[in-house]
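The values are calculated or read from the model by the stated rules, or taken from the named source; none is laboratory data. These numbers were taken from a predicted model, which means no experiment stands behind them. Neighbour counts run over all protein chains shown; Cβ positions are idealised from the backbone, glycine included. Surface accessibility is based on the protein's heavy atoms, side chains included, excluding ligands, DNA and RNA. Shrake-Rupley method; radii C 1.70, N 1.55, O 1.52, S 1.80 Å.
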Amino acid sequence: KDQRLGDCTIINDYIGETNTIGNVDVVDGGCGKMADRVIKRLKTLKIKSPYLHITHPHYDHYFGIRKIINDKWFTPKALYCQDPNTIGDVSSDVKENKRVLRTIISEATARGIKVIYLKNGDTVQHGNIYIKVYRDNSVSYRGNSDAYLNDGSLCYWLSTLSYLTTGDADLGCANRYGLHPKS
């Protein structure tokens, strides 16, 4: 049985004066137990309409997002991801990952969820949540399915928090763009 948990970051626009949660962005959704915990937490907090993000099409990043998209309890506001056509075909595994991303995009579209393709330099803002997007594609990769990750991961910089989500890209992305995340 797959024991991976995957990545997930939940960002909320907490409104302190009214003690409520405003906008919520879910960046990647984990897999296995992590995906189940993310969904349970969102439901416990009654967050029905989050913004969803997939940094790159690997199972441990998209699985939980796909579960949210297909769970009728949720009414996501939008799905943010990269255009699958902008990911190079370096292996048969990558081609399969791109196929799955296209399927997820189709599932979101079928549910009426707006799909927004992101590229390097884009910004996303939901209330007080402000994200600058960096596409970590500074290195050419060849080889197995993991080899293309930095040639596709969307890295999200939240300047107000000095926080960087990197998908599976490493902190080299922060260094290349002169970002200084808090440790």
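Observations on the model:
- For the range 39-120, the per residue solvent-accessible surface stands at 47 Å², with DNA, RNA and ligands left out and a 1.4 Å probe.
- Taking amide H as placed 1.01 Å from N in the peptide plane, the amide H of Asp122 sits under 5 Å from that of Val133, each at least 5 places away or on another chain.
- Of Lys77/Lys182; Lys72/Lys114; Lys67/Lys98, those spanning more than 20 Å from alpha-carbon to alpha-carbon: Lys77/Lys182
- A Förster radius of 22 Å, combined with the Cβ-Cβ distance separating Arg111 from Asp13, puts the computed FRET efficiency at roughly 0.40.
- Using the Cβ-Cβ distance between Ser92 and Thr160 with R0 set to 30 Å, the FRET efficiency works out to roughly 0.15.
- From phi via Karplus (6.51, -1.76, 1.60), per-residue ³J(HN,Hα) for the range 28-37 in Hz, x at Gly/Pro: 6, x, x, 8, x, 4, 4, 4, 5, 5
- Under-5 Å amide H pairs with Tyr14, H placed in peptide plane, nonlocal only: Gly22
- Residue (of Phe74, Leu5, Ile54) at the positive-pole extreme of the range 1-129, dipole from beta-carbon charges: Phe74
- In this structure the amide hydrogen of Ile116, modeled in the peptide plane, comes within under 5 Å of the amide hydrogens of Leu79, Tyr80, Cys81, none closer than 5 places in sequence on its chain.
- Highest average packing first - 118-131, 92-105, Cβ atoms within 10 Å: 92-105, 118-131
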